[in-house]
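Reading through the structure tokens given below for one structure.
The values are calculated or read from the model by the stated rules, or taken from the named source; none is laboratory data. This structure is a prediction, so every number in the text was calculated from the model and none was measured. So basically every Cβ, Gly included, is an ideal-geometry build from the backbone, and we count neighbours across all protein chains shown.
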Amino acid sequence: MRVSVILPTKDEEGNIRDLIDRCKKILDNFEYEIIVVDDSNDRTPEIAESMGAKVVRNVKGYGNAYIEGFKVAKGDYIVMLDADGSYDPCEIPKLLEPLIRGDADFVIGSRFKGKIMPKAMPWHHRYIGNPLLTKIMNALFKTKITDAHSGMRAIKREALLKLSLKCPGMEFASEMIIEAVRKGLRIVEVPITYYPRKGKSKLRSFRDGWRHLRFMLLYSPTALFVIPSLALLTAGIILITYVLLLDPIRTHSLVLGSLLTVLGLQTFFFGVVSKIYSVEIGLTKEDRITKFFSRYSVLEEGILVGLILLSIGFAVGYYVFKVWYESGFGQLNQLNMAILSFLLMTIGIQIILNSLFISSLRLRTSYE
């Protein structure tokens, strides 16, 4: 049984010697290797090599560091550990135990289940950033994680090989958990202690937090686009129906309903395109929506529906113009019908153009 410990480093010369030494001591009962993936301007890589670590140089980005580290790791179990001194290597066996027992495929060290030492985590990270982003992940991807951004993790090699990991930056931490959930890995959290980091922090609170949130939203186009679009469409259609059938004097409500309908339809197509793109690059699997819009005939069907709506809208518009013409181009009393005409022609054009775009996006697979 072999353990690979991967340490992403950036200017850690004041801490790397002690960290590697502590890793060696705690792993003395295992066959192990220590891999340092470095992007330093100081002597970190030289010190790591002198300590017997395998060093991969000039790798920029947190996610890239782990991706490159995974490529050279030979262990049956792979431990991920931030190299800034905030995590104690003595807790590595705690992460390995569930893997060795066969109770888990992927283990995350939870700072929130364990102990956060004074001054180890800024208050806005501890009480706002980390909990909020973790709750969003749990809601979007049906996870039950307490610490989605922990920098101390362990995973079986065979489980790691199932994951498609691509993110180069800090959002890699979220990607790994989401991929693990989607691939059906058994995830276990164990309590760990979090210490004040040594040296200058590399974190940028807003930037890194936004990267995590941005990734989660883009990884979940159903939540970002499709569900909101259905809410907008429902509200718009209800308002339009109410005005046209029950209360025609409320033209302002008809305008609002038309706006919501157009916005909802375009948001829905954004969702469809995002889901198809996610399938194309391997982030997600096909579902009923992507399968429906990936059919070869979707272009012809979209053009047909769009032309029907355009024709109806044009017919309504012609009726309005005819009434206006017969009144000698006087006062127009068909404002609601004019708005309906514009709405039908607008969504007809939307459907045609989006059908063309979706079909071009799936052009290659359509002919396979």
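Might you let me know whether region 105-117 holds any residue that is closer than 24 Å to Leu218 by Cα, touching a residue at least 40 places away in the same chain (Cβ under 8 Å), within 14 Å of the chain's Cα centre (by Cα) and assigned by TED's automatic domain parsing to the domain that holds Met80? Looking for residues that are closer than 24 Å to Leu218 by Cα, touching a residue at least 40 places away in the same chain (Cβ under 8 Å), within 14 Å of the chain's Cα centre (by Cα) and assigned by TED's automatic domain parsing to the domain that holds Met80, one finds none in region 105-117, hence no. Yes or no: region 149-159 includes at least one residue that is over 27 Å from Asn29 (Cβ atoms) and not basic (Lys, Arg). The answer is yes, given that some residue of region 149-159 is over 27 Å from Asn29 (Cβ atoms) and not basic (Lys, Arg). Restricting Tyr296, Tyr325, Tyr319 to those that are closer than 24 Å to Ile276 by Cα and aromatic (Phe, Trp, Tyr) reduces the list to Tyr296.
If you take the residues in region 117-142 that are buried (at least 16 other Cβ atoms within 10 Å of the Cβ) and β-branched (Val, Ile, Thr), which one is nearest to Arg186 (Cα to Cα)? Filtering region 117-142 for residues that are buried (at least 16 other Cβ atoms within 10 Å of the Cβ) and β-branched (Val, Ile, Thr), the one nearest to Arg186 (Cα to Cα) comes out as Thr134. Looking across region 118-127, just one residue is free of Cβ contacts under 8 Å to residues at least 40 places away in the same chain and among the basic types (Lys, Arg), and that is Arg126.
Let's see how each residue does on (1) assigned to a helix (DSSP H, G or I); (2) free of Cβ contacts under 8 Å to residues at least 60 places away in the same chain; (3) farther than 26 Å from Glu286 by Cα; (4) not aromatic (Phe, Trp, Tyr):
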residue	(1), (2), (3), (4)
Ala154	no, no, yes, yes
Ser174	yes, yes, no, yes
Pro191	no, no, yes, yes
Phe225	yes, yes, no, no
Pro248	no, no, yes, yes
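When Ser274 is tested against (1) hydroxyl-bearing (Ser, Thr, Tyr); (2) surrounded by 15 or more Cβ atoms within 10 Å (Cβ to Cβ); (3) part of a helix (DSSP H, G or I); (4) modelled with pLDDT of 95 or more, just one condition goes unmet, and that condition is (4).
You will find that of Ile128, Ile116, Ile136, Ile78, the residue that is modelled with pLDDT of 95 or more and of a type in the set (A, V, I, L, M, F, W, C) is Ile78 and no other. Only one entry in Arg17, Arg57, Arg111, Arg22 is under 26 Å from Leu132 (Cβ atoms), charged (D, E, K, R) and in contact with a helix residue (DSSP H, G or I) (Cβ under 9 Å, 6 or more places away or on another chain), namely Arg111. Once region 277-301 is narrowed to residues that are of a type in the set (Ser, Thr, Tyr) and either assigned to a helix (DSSP H, G or I) or within 23 Å of the chain's Cα centre (by Cα) (or both), the residue that is modelled with the highest pLDDT is Thr290.
One residue is enough: does region 122-139 have a residue meeting the conditions over 19 Å from Ala180 (Cα atoms), over 25 Å from the mean Cα position of the chain (by Cα) and not in a helix (DSSP H, G or I)? For region 122-139, residues over 19 Å from Ala180 (Cα atoms), over 25 Å from the mean Cα position of the chain (by Cα) and not in a helix (DSSP H, G or I): absent.
I'd like the residue in region 2-56 that is small (Gly, Ala, Ser) and within 24 Å of Pro168 (Cβ to Cβ) and, out of all such residues, is surrounded by the fewest Cβ atoms within 10 Å (Cβ to Cβ). For region 2-56, the residue satisfying everything is Ser40. Considering only region 280-300, I want to know if a residue exists there that is crowded, with 18+ Cβ neighbours inside 10 Å, aromatic (Phe, Trp, Tyr) and not assigned by TED's automatic domain parsing to the domain that holds Leu165. Yes, that holds for at least one residue.
Counting the residues of region 18-44 that are closer than 11 Å to Leu7 by Cα and without any contact (Cβ under 8 Å) to a residue 40 or more places away in the chain gives 5. Within the bounds of region 132-148, is there any residue that is in contact (Cβ under 8 Å) with a residue 60 or more places away in the chain and under 16 Å from Tyr195 (Cα atoms)? No, every residue in region 132-148 fails to be in contact (Cβ under 8 Å) with a residue 60 or more places away in the chain and under 16 Å from Tyr195 (Cα atoms).
Among the residues of region 230-242, are any in contact (Cβ under 8 Å) with a residue 40 or more places away in the chain and of a type outside the set (Ser, Thr, Tyr)? Yes; the residues of region 230-242 include at least one that is in contact (Cβ under 8 Å) with a residue 40 or more places away in the chain and of a type outside the set (Ser, Thr, Tyr). Checking each residue in region 70-90 for being of a type outside the set (Ser, Thr, Tyr), touching a Ser or Thr at 6+ places or on another chain (Cβ under 8 Å) and either within 15 Å of Glu158 (Cβ to Cβ) or buried (at least 19 other Cβ atoms within 10 Å of the Cβ) (or both) picks out Ala73, Lys74, Gly75, Ile78, Val79, Ala83, Asp84.
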